[in-house]
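Asks: Before we start, here is the structure in question, set down as structure tokens.
Derivation of every value follows stated rules applied to the coordinates shown; laboratory data play no part. It should be emphasised that the depicted structure is a prediction, and the values quoted were computed from it without experimental measurement. Here the Cβ is made from the backbone with ideal geometry for all residues, glycine too, and neighbour counts use every protein chain on show.
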Amino acid sequence: MRWVLVLAAMIAFTISLPASAQSPKLVMDEMMVPSEPGIEIYVRNKRPADMNAFRPERTLLFVHGATYPAHTSFDLKLDGLSWMEYIAARGYDVYLLDLRGYGKSTRPKEMDDKSDANAPIVRGTTAVKDISAVVDFILKRRGIPRLNLMGWSWGTTLMATYTTQNASQVERLVLYAPAWIRTTPSLSRPAGPLGAYRMVTRIRRCCARPTACSRTATSFSRPASLTTTPRRSRCRLCWCTPNGTATRRPIWRRPCFLCSSMRRASATCSYPRGRTTS
């Protein structure tokens, strides 16, 4: 009986340890996967260093929503550990991708023109094409017939669409914060017809305490146009200049999309690959 109690205590202690203390060594690969001529999709992979066998139920692909690319959301470290790493540390071969116009993937040439010169550049069918190219790449790379898919927000619509068209290649489908059919006007849609992208600015207020900031964390690379080096404030949610004052983020070009697979078209925009304009 005494040994049973000791064993139970040891198990409880192990479970209570932080994930970082239990995590095995992870390795990361980065690659560009062709989707169509002139378009390459950025893909990141993390997995345990000693993983040498790959199975459908232990392989996962994550697709982001409309606002942030996957590598700055799914692999954003909070307290030293990202969501991607948390899953990989538990014995999964984990992938993420940035859709075209997002993050490190190819920037469509329409984003170099004026916004009103072109229609929204990343429609649902276009995004699903990017996902399909990456799924085929992973299945061939690992020699497996299926994998798990996870979509976040707008990504749930894309992943669900892909699954209905390619059910034999999907082990399980996870929909995180799924979108729904809108019956009222979108608060994020600008007046008038949508262009290829829109110009936005971000303002962050500095704060000394986490409770003073109600905005969500972001992860941007340092824009070359800033004359002072931004730093994180102590709450890690605000951008500040070295003297502690708030700084206005430069203008970002955000590609617009239309969800053609939904009954009522809805639209929003997203951060592309960290490029700025003056």
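Asks: Cut-off is 10 Å between beta-carbons; in what order do Trp180, Trp154 appear when sorted fewest neighbours first?
Replies: Listing Trp180, Trp154 from fewest to most nearby Cβ atoms yields Trp180, Trp154.
Asks: Calculate the FRET efficiency for Lys140 and Leu26 from the Cβ-Cβ distance with a Förster distance of 35 Å, rounded to the nearest 0.05.
Replies: Working: r = 23 Å, r/R0 = 0.65.
Taking R0 as 35 Å, the efficiency between Lys140 and Leu26 is 0.95.
Asks: If you don't mind, another one. Pop the C-beta distance of Ala53 and Ala117 into the FRET formula with R0 = 45 Å and round what comes out to the nearest 0.05.
Replies: It comes out at approximately 0.35.
Asks: Another one. Could you give the length gained on full extension between Ser168 and Tyr86, defined as 0.36 nm per residue of separation minus the Cα-Cα distance, in nm?
Replies: In short, 26.8 nm is gained.
Asks: Please list the three semi-axes, largest first and in whole Å, of the ellipsoid equivalent to segment 22-176, using sqrt of 5 times the eigenvalues of its alpha carbon gyration tensor.
Replies: 26, 17, 14
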